[in-house]
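Visitor: Handing you a structure now.
The values are calculated or read from the model by the stated rules, or taken from the named source; none is laboratory data. Nothing here was measured: the structure is a model prediction, and the numbers come from that model. Heads up, the Cβs are rebuilt from the backbone with ideal geometry, glycines too, and the neighbour counts pull from every protein chain shown. In case anyone asks, the SASA skips ligands and DNA or RNA and just uses the protein heavy atoms, side chains included. Shrake-Rupley method; radii C 1.70, N 1.55, O 1.52, S 1.80 Å.
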Amino acid sequence: QSGMFTYDPGFTSTASCESGLTYIDGDQGVLLHRGYPIGQLAEQSSFMEVAYLLLNHELPSKDELDTFIYTISRHTMLHEQLAQFYRGFRRDAHPMAVMCGVVGALSAFYHDSTDIADPHQRMVASHRLIAKMPTIAAMAHKYSIGQPFLYPDNSLSYTGNFLRMTFGVPAEPYVVNPVVEKALDRIFILHADHEQNASTSTVRLAGSSGANPFACIAAGIACLWGPAHGGANEAALNMLREIGTPEKIPEYIARAKDKNDPFRLMGFGHRVYKNYDPRATVMQQTVREVFESLNVSDPVFETALRLEEIALKDDYFVEKKLFPNVDFYSGVILSAIGFPTTMFTALFALARTVGWVAQWNEMISDPEQKIGRPRQLYTGPTQRDYVPVDRR
Ligand code: SDX
């Protein structure tokens, strides 16, 4: 059942759980959310629809979706005390450090949605987290640039509200660009959930002890921040900018293949996908659409396309089945929209909160659920007697 870990007598534990949210076939490059292919969801649905699907097993009717969106909108504001919390950070603090702190601090505020035995309270905690992540992320950005926080405007869509809180200022009206809104909403869909990745497993493991749901999500944010995981989108764009021009690509390909060089191609490879990450396909397509529609270009995109083309013809990458992943192109488009690279992983966390809370709910609602307890293969010394310090 969800959350159950299976052990075999040899103590080679296989941490496993059962989950009905997301199915990945890494060899075929297939990603389904409750049976729906990610490509269809990205093209035809909205992030709020996908959030409803992951939380409630089925796509919503129009009324169900309207009610869900209204419910989420009731929680978009942040307690004023928490706005003060930001002032404890340095202005140059990484947004992920701020997100970790502020989301963890939510656990000090809401006592009416932490009785995790109560399904209603669990759903209220989930709605609060989904609703507040855009406000928290936007405030982290505003704080870092010394601009005033903007309160949510619930007359806007979930994603439009986030764009306004991030890029709007009190002195000017902010008009949401529909092309950018749709592209960002699609990017949120691509990041919503991804089976038992490192940060989701962190949330499940933390949640399996019955810990406060807000603290569990803060743990997931911490894990996602790593450059091997969600931090790769920021690292990938920094790498593409460092490469600069296509002429320098061979030098970086050589470094990625050199076992004595710790450098890896950021945005390439995956623990599960040994084929093209279907999200990267949609992401690349979205870059083209946004660039065309906004009539913008960025040489970094050309460098990324060229790097992919060269890598996918290189024996090393072909043999090791290293393909672009979701993080390879995302930074190109987030940068074109106007986000600083330090905000890229915060956006990943914003979107992945939907998957984290849905996976947490699935686990906690399972009556058979037990506390997670991964085992180890012991490789230390055999038993021995203590030696007093004056004889060592
Ligand atoms: C995400 O789990 C998820 O689902 C995560 C995620 C999600 O939605 O939650 O999909 C999001 O985290 C995507 C991954 C983002 N990270 C990066 O892009 C960072 C760069 N990629 C790598 O660090 C790496 O590919 C990992 C961390 C993603 C996977 O690392 P593994 O487990 O070592 O990969 P592997 O076992 O398949 O590697 C096989 C070989 C190894 O060499 P050998 O030991 O066989 O000699 O390929 C090498 C690796 O060293 N390799 C790379 C490489 N990735 C793997 N070599 C050069 N460049 C790379 N990017």
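Visitor: Could you list, in sequence order, all residues of region 1-39 that are buried (at least 17 other Cβ atoms within 10 Å of the Cβ), at pLDDT 70 or above and farther than 18 Å from H191 by Cβ?
Guide: C17
Visitor: Let me ask another. When region 75-96 is examined, which residues are found to be open to solvent by 20 Å² or more (accessible area, probe 1.4 Å), free of Cβ contacts under 8 Å to residues at least 60 places away in the same chain and not acidic (D, E)?
Guide: Scanning region 75-96 gives H75, H79, Q81, Q84, F85, R87, G88, F89, R90, R91, A93.
Visitor: Give N275, N260, N212 a once-over and let me know the one that is more than 19 Å from V332 (Cα to Cα), away from the ligand (no atom under 13 Å from the Cβ) and either at pLDDT below 95 or surrounded by fewer than 22 Cβ atoms within 10 Å (Cβ to Cβ) (or both).
Guide: On the way: N275 fails: away from the ligand (no atom under 13 Å from the Cβ); N260 fails: away from the ligand (no atom under 13 Å from the Cβ).
Going through N275, N260, N212 in turn, just one is more than 19 Å from V332 (Cα to Cα), away from the ligand (no atom under 13 Å from the Cβ) and either at pLDDT below 95 or surrounded by fewer than 22 Cβ atoms within 10 Å (Cβ to Cβ) (or both): N212.
Visitor: Can you name the number of the only condition in (1) over 17 Å from L240 (Cβ atoms); (2) in a helix (DSSP H, G or I); (3) in contact (Cβ under 8 Å) with a residue 60 or more places away in the chain that E292 fails?
Guide: Every listed condition holds for E292 apart from (3).
Visitor: Q284 versus (1) surrounded by 15 or more Cβ atoms within 10 Å (Cβ to Cβ); (2) farther than 26 Å from E43 by Cβ; (3) among the polar types (S, T, N, Q): which is the lone unmet condition?
Guide: All conditions are met except number (2).
Visitor: Would you mind finding the one in D390, D315, D385, D327 that is crowded, with 16+ Cβ neighbours inside 10 Å and among the acidic types (D, E)? Explain how you work it out, then say what you get.
Guide: Working: D390 fails: crowded, with 16+ Cβ neighbours inside 10 Å; D315 fails: crowded, with 16+ Cβ neighbours inside 10 Å; D385 fails: crowded, with 16+ Cβ neighbours inside 10 Å.
Unique residue meeting the criteria: D327.
Visitor: Let me ask you something else. Working only within region 215-230, note down all residues that are in contact (Cβ under 8 Å) with a residue 40 or more places away in the chain and either near the ligand (Cβ under 8 Å from one of its atoms) or out of contact with any helix residue (DSSP H, G or I) (no Cβ under 6 Å at 6 or more places or on another chain) (or both).
Guide: Those that are in contact (Cβ under 8 Å) with a residue 40 or more places away in the chain and either near the ligand (Cβ under 8 Å from one of its atoms) or out of contact with any helix residue (DSSP H, G or I) (no Cβ under 6 Å at 6 or more places or on another chain) (or both): L224, G230.
Visitor: Of all residues being within 13 Å of I187 (Cα to Cα) and of a type in the set (F, W, Y) in region 300-336, which is farthest from the ligand (Cβ to nearest atom)? Just the residue, please.
Guide: Selected residue: Y329.
Visitor: Filter region 236-252 for residues that are farther than 13 Å from V300 by Cβ and free of Cβ contacts under 8 Å to residues at least 40 places away in the same chain; which is nearest to the ligand (Cβ to nearest atom)? Step through it out loud before you land on a result.
Guide: Taking region 236-252 first, the residues farther than 13 Å from V300 by Cβ are 247, 250-252.
Pick out the ones that are also free of Cβ contacts under 8 Å to residues at least 40 places away in the same chain and you get 247, 251.
Details: E247: 20, E251: 14 Å.
The selected residue is E251.
Visitor: Still on this structure: Looking only at region 358-377, how many residues end up being among the small types (G, A, S) and either open to solvent by 70 Å² or more (accessible area, probe 1.4 Å) or within 19 Å of V124 (Cβ to Cβ) (or both)?
Guide: From region 358-377, those among the small types (G, A, S) are 358, 365, 372; that's our starting set.
Keeping just the survivors that are either open to solvent by 70 Å² or more (accessible area, probe 1.4 Å) or within 19 Å of V124 (Cβ to Cβ) (or both) gives 358, 365.
Counting residues in region 358-377 that are among the small types (G, A, S) and either open to solvent by 70 Å² or more (accessible area, probe 1.4 Å) or within 19 Å of V124 (Cβ to Cβ) (or both) gives 2.
Visitor: On to the next question. Please specify each residue of region 158-209 satisfying the condition of being within 16 Å of the ligand (Cβ to nearest atom), over 26 Å from I69 (Cβ atoms) and not in a loop (DSSP other than H, G, I, E, B).
Guide: Result: A198, S201, T202, R204, L205.
Visitor: Consider L150 carefully, then state whether it is among the aliphatic types (A, V, I, L, M), in a loop (DSSP other than H, G, I, E, B) and within 24 Å of H94 (Cα to Cα).
Guide: Details: among the aliphatic types (A, V, I, L, M): yes; in a loop (DSSP other than H, G, I, E, B): yes; within 24 Å of H94 (Cα to Cα): yes.
For L150, the condition - among the aliphatic types (A, V, I, L, M), in a loop (DSSP other than H, G, I, E, B) and within 24 Å of H94 (Cα to Cα) - is met.
Visitor: Which residue pairs have Cβ atoms under 6 Å apart, sit 6 or more places apart or on different chains, and have a first residue in region 253-276 that is under 13 Å from V318 (Cα atoms) and a second that is polar (S, T, N, Q) and open to solvent by 30 Å² or more (accessible area, probe 1.4 Å)?
Guide: Cβ pairs passing all conditions: none.
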